[in-house]
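Comments concern the structure below.
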């Protein structure tokens with residue numbers, strides 16, 4: 001999975017919304033369509049992309065009241081996302097965080113160092129303003 005593919009997946013609002021929904025619980029395709037209020041073909045395309053990237057898994061179960069249903073859930077590789085308090089992370093920050101998590105610990109360390117430098121710079125600016 002390349003960084004570009006991950007960013008493409010998470011830079012799309014619909015895919016992020018699907019991921020957020022699936023972090024709550026597994027859903028079948030029609031539930032996702034109803035929740036998002038968009039065409040089924042669009043949802044199928046988004047789910048296919050997420051599944052190809054290994055972010056989402058799917059399976060089919062027979063419905064007690066009709067035809068079989070295709071269910072989707074977050075893959076085990078992304079189960080750590082359930083631990084996040086997504087309400088505290090804005091869309092862009094959430095995308096950056098996920099990209100860095102998926103590209104490995106070295107990327108996370110670089111991002112942390114970058115943020116520490118930014119924090120020091122902001123603190124110097126605040127000190128200068130308070131003088």
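Of 112, 50, 23, 129, the sequence from fewest to most neighbouring Cβ atoms within 10 angstrom is 129, 112, 23, 50. Multiplying the residue separation of residue 112 and residue 82 by 0.36 nm and subtracting their alpha-carbon distance yields 8.7 nm. With 0.36 nm allotted per residue and the present C-alpha distance subtracted, the residue 65-residue 128 stretch has 15.8 nm of extension available.
Only the coordinates and a few stated rules stand behind these numbers; no lab work does. For clarity, every value in this text was computed on a predicted model and none was experimentally measured. Ideal geometry is used to build each Cβ from the backbone, glycine not excepted, and the neighbour counts take in all protein chains shown.
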